[in-house]
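Here's the structure we're looking at; comments come further down.
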Amino acid sequence: MLITNIKALVGVHPKETYFLRGSELNQLPVLENAWLLLENGLIKDFGPMGSLPSSSAKLETLDAKGRFVFPSWCDSHTHIVFAAPREEEFALKIAGKTYEEIAAAGGGILNSANKLQNATEDELFESASIRLKDMIKQGTGALEIKSGYGLTVESELKMLRVIQRLKAAFPIPIKASLLAAHAYPAEFKEDHQGYINLIINELIPLVAQEKLADYIDAFCEKGFFSLEETALILEAAAKYGLKPKIHANQLSVSGAVQLGIQHQAVSVDHLEETDEEVLTSLSESNTIATLLPSCSFYINIPFANAKGLIEHNAIVALASDYNPGSTPSGNMNFVVSLGCIKLKMTPQQAINAATINGAAAMELSEQVGSIAIGKRANLMITRPMTSLAYLPYSFGQSQIETVILNGEIYHG
Ligand code: NIG
Ligand code: FE
């Protein structure tokens, strides 16, 4: 397929650019008045309209006059496999209860776990598929999905098998993270070591044997998993080649960021609470700081210090955190808008953070995240737009007209 008359081809990074650190995030190379050739599911070539190859007349052609072409969003942090939404908590939240108070009153992760334990694999696959189709229509072309609503060996495996089915059923790259350390199940409330032993001695070996996860994750937070408990799990997972992606500093400055860096985490995610030490620790680190502004927006917690992280030369990514409790939305367009409006990122920074750096946070930079020859042709074409900034500016409204996956128009 050939796409012609593209007003701006966005994110034309050199192929060897794997991620953008610090102020490199300002650079979002754009080719104006361009064509883009897709072949065998990949980006074959591109260039200015003046250099359109004459042999292209025979090709299936899409005229993108006035439109922008972007690499698909790379959403590196989601929890889209769950049994039921939690609107009942929405009312409590509106009445002024905090995320922690709702969790302590029997809502939260344990509520989702009860429901998931009673759901079948087919039911979970069906409902997650609907969510994923919506996300794809909103421009997501690669994502990571976590377990963590099972909290028993059987149900965590069930969740991961659902993710495995999603990997096979959908035409986009998907990574899976084992997040059994999401909350202590009621029966282990007073026996943390018992649950950790279960994760280390039973779950991780089974997950590794069936190759059900790419990463290990933990909710390292006061009232959830302590630094010491998290470290035990990360060490056990490392023996099976599972690298960490950690929930860090969502509700407090806990040391979780530094712990992640020590364990060579691919990313530390959330970071709504930071201090100078956190910023310094991420400076020059290859551990990516993944920020989730939709979560801050929904549960009214501080927005992460994106500017400070960028100034400290960290690698900043943006992701949705789509889950039934803290972020009931997987719309990456809104995430990018919040990146600009609330994290004070420029449109260029936010778009880079949600594409090339999101890809890096899933170790998928060789496949997706930018417009480069040989990468997967996972793209979105906007409606006619006046400028790049119109995309995040028009928050809550999708500007995406056409989604292309593996070189073909996605009809869902
Ligand atoms: O990333 N923080 C922990 N996990 C999720 C929320 C889980 C839930 O409330 O169901 C998050 O925000
Ligand atoms: Fe999360």
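The values are calculated or read from the model by the stated rules, or taken from the named source; none is laboratory data. Bear in mind the structure is a predicted one, so any value in this text is a computation, not a measurement. FYI the Cβ positions are ideal-geometry reconstructions off the backbone, even for glycines, and counts take in every protein chain you see.
When you go through (1) among the hydroxyl-bearing types (Ser, Thr, Tyr); (2) crowded, with 21+ Cβ neighbours inside 10 Å; (3) assigned by TED's automatic domain parsing to the domain that holds Phe82 one by one for Thr382, which number turns out not to apply?
So Thr382 meets the others, but not (3).
Just to verify a result, which residue in the range 212-229, among those that are over 21 Å from the mean Cα position of the chain (by Cα) and outside any loop (DSSP other than H, G, I, E, B), is nearest to ligand 1 (Cβ to nearest atom)?
Taking the candidates together, the pick is Phe225.
Of the residues that sit in the range 44-84 and are of a type outside the set (Val, Ile, Thr), in a loop (DSSP other than H, G, I, E, B) and within 16 Å of ligand 2 (Cβ to nearest atom), which one is surrounded by the fewest Cβ atoms within 10 Å (Cβ to Cβ)?
Phe82
Could you tell me which residue of the range 245-267 is farthest from ligand 1 (Cβ to nearest atom), considering only residues that are more than 19 Å from Ala359 (Cβ to Cβ) and part of a loop (DSSP other than H, G, I, E, B)?
Once the filter is applied, the top-ranked residue is His263.
Quick one: which of Gly369, Gly308, Gly339, Gly330 is within 13 Å of ligand 2 (Cβ to nearest atom) and either crowded, with 21+ Cβ neighbours inside 10 Å or more than 24 Å from Ser147 (Cα to Cα) (or both)?
That would be Gly330, the only listed residue that is within 13 Å of ligand 2 (Cβ to nearest atom) and either crowded, with 21+ Cβ neighbours inside 10 Å or more than 24 Å from Ser147 (Cα to Cα) (or both).
Just for the range 137-188: of the residues that are of a type in the set (S, T, N, Q) and not in a loop (DSSP other than H, G, I, E, B), which one is farthest from ligand 2 (Cβ to nearest atom)?
Filtering first and then ranking leaves Gln164.
Going through the range 268-293 one residue at a time, which ones are part of a helix (DSSP H, G or I) and buried (at least 24 other Cβ atoms within 10 Å of the Cβ)?
Val278, Leu282, Pro293
Could you list, ordered by first residue, the pairs with Cβ atoms under 6 Å in which the first is in the range 225-247 and within 16 Å of ligand 2 (Cβ to nearest atom) and the second is of a type in the set (Phe, Trp, Tyr), at least 6 apart or interchain?
These pairs meet every condition: Phe225/Phe219; Lys245/Tyr215; His247/Phe219.
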